[in-house]
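Since the structure comes first, as structure tokens, the remarks are kept for the end.
The values are calculated or read from the model by the stated rules, or taken from the named source; none is laboratory data. Keep in mind it's a predicted model, so treat the numbers as computed, not measured. Here the Cβ positions follow ideal geometry from the backbone for every residue, glycine too, while neighbour counts run over all protein chains shown.
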Amino acid sequence: MTSLKHYHYTTYLHSIRVAKLTYLVSKKLGLPKEEQIYNCKGGLLHDIGKVLVPVSILDKPGPLTELEYEFVKIHPSYGSEMLKIFPSLKDLVPGVLYHHERLDGSGYPFGVSIIPLSAQIIGICDSFDAMTTKRPYNEKRLKSIHEAIFELKTQLQKYNYKIVEALEEVLREKKGNQQHFISI
Ligand SMILES: [Fe+2]
């Protein structure tokens, strides 16, 4: 995480927010404590592979070229290979490797439709955070929490409804504390 913090601070902050949401959603879903913690760690490290994606691509304000997008699409594989080096982190590999896969097979890097639960939770929290926090490519399209949840719910071919509902519940419970999620 230190290397990610120095390489791309925006992704580092995003990872901390996703880890926190992933933990709370896992808890809301009633998963065993051990899984809550694994998923939280997976959320923290889900984008670690981005240390191998050029910053010029990560910070590009406009749409990516096909080649640039190919670079981005490799980051889950890079990340999982990095985790495999450390035996204590091997259980986090599925969450990291599949976090951009979608239930309709439209995701990457493999385009599979059977996705580990940890990766589904991380993926939904990741998408939510990407929609609700400033990125170079979305400053004009930043969504409110309500709009982001609505968008997730309108794409249930891609996202697990139970997880989206759990996320909505977590956010509702924290409503009086919204800045907590946004300003980390
Ligand atoms: Fe990612």
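Results, tabulated for the structure shown:
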item	result
Hey, residue 23 more than 15 Å from the ligand (Cβ to nearest atom), among the hydroxyl-bearing types (Ser, Thr, Tyr), within 27 Å of residue 172 (Cβ to Cβ) and in contact (Cβ under 8 Å) with a residue 60 or more places away in the chain or not	no
Among the candidates 37, 16, 48, 57, residue that is within 12 Å of the ligand (Cβ to nearest atom), at negative phi and among the aliphatic types (A, V, I, L, M)	48
Residue within segment 64-81 that is away from the ligand (no atom under 16 Å from the Cβ) and of a type in the set (Phe, Trp, Tyr) present	no
Enumeration of residues in segment 50-81 that are modelled with pLDDT of 95 or more and small (Gly, Ala, Ser)	77, 79, 80
Out of 92, 97, sole residue that is free of Cβ contacts under 8 Å to residues at least 24 places away in the same chain, within 14 Å of the ligand (Cβ to nearest atom), at negative phi and of a type outside the set (D, E, K, R)	97
Meets criteria (assigned to a loop (DSSP other than H, G, I, E, B), in contact (Cβ under 8 Å) with a residue 40 or more places away in the chain and surrounded by fewer than 23 Cβ atoms within 10 Å (Cβ to Cβ)) for residue 103	yes
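Residues are listed down the side, and each one gets a yes or a no for (1) in a helix (DSSP H, G or I); (2) at pLDDT 85 or above; (3) farther than 24 Å from residue 75 by Cα; (4) not charged (D, E, K, R):
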site	(1), (2), (3), (4)
124	yes, yes, no, yes
146	yes, yes, yes, yes
150	yes, yes, yes, yes
158	no, yes, no, no
165	yes, yes, yes, no
178	yes, no, yes, yes
181	yes, no, yes, yes
